[in-house]
Amino acid sequence: MRKPTPSGVLLWTHDFSKSYDSGEYDSDAVVSSQFNIDQTTNIITLNFVPENDKILMVVKRQSSLWYEPGISPATPANGDSLLTANTIQARFLRSSTAALPDKYYYAKQ
């Protein structure tokens with residue numbers, strides 16, 4: 001299902017029946033989300049009528065933060081960069097050095 005955007009803005013989808021990848025806006029369609037969630041009551045409101053004899057399963061997916069959390073929702077990160085953050089993701093990125101491909105990588109001499 002199409003989830004709502006945080007700001008409630010409508011979503012843009014590409015209509016491949018009009019053109020595959022033209023970059024033109026006439027092949028894009030504006031669609032609304034298929035459900036809304038009231039965060040104060042945790043009530044899900046469907047924006048469509050489900051078909052009969054169909055099961056609707058709700059799965060909550062929760063991502064992890066790459067930065068240390070901030071004090072309030074207005075400041076989601078505490079301001080530290082990934083160089084100093086102590087999250088699992090930041091420690092993984094710092095655990096080894098990065099190397100850019102060189103002429104040997106591309107088999108050129």
Quick count over region 68-109, residues being under 30 Å from residue 37 (Cα atoms), modelled with pLDDT of 75 or more and under 20 Å from the mean Cα position of the chain (by Cα), is 4
If you take the residues in region 28-60 that are modelled with pLDDT of 85 or more and touching an Asp or Glu at 6+ places or on another chain (Cβ under 9 Å), which one is surrounded by the most Cβ atoms within 10 Å (Cβ to Cβ)? 44
Checking residue 16 against (1) hydrophobic (A, V, I, L, M, F, W, C); (2) surrounded by 10 or more Cβ atoms within 10 Å (Cβ to Cβ); (3) over 20 Å from the mean Cα position of the chain (by Cα); (4) modelled with pLDDT under 80, only one condition comes out false. Which one? (2)
For residue 63, are the conditions met, namely being exposed (fewer than 11 other Cβ atoms within 10 Å of the Cβ), under 19 Å from the mean Cα position of the chain (by Cα) and free of Cβ contacts under 8 Å to residues at least 24 places away in the same chain? yes
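The values are calculated or read from the model by the stated rules, or taken from the named source; none is laboratory data. In this text the structure is predicted, and so the values were computed from the model without any measurement. Every residue, glycine among them, receives a Cβ derived from its backbone with ideal geometry; neighbour counts consider all protein chains shown.
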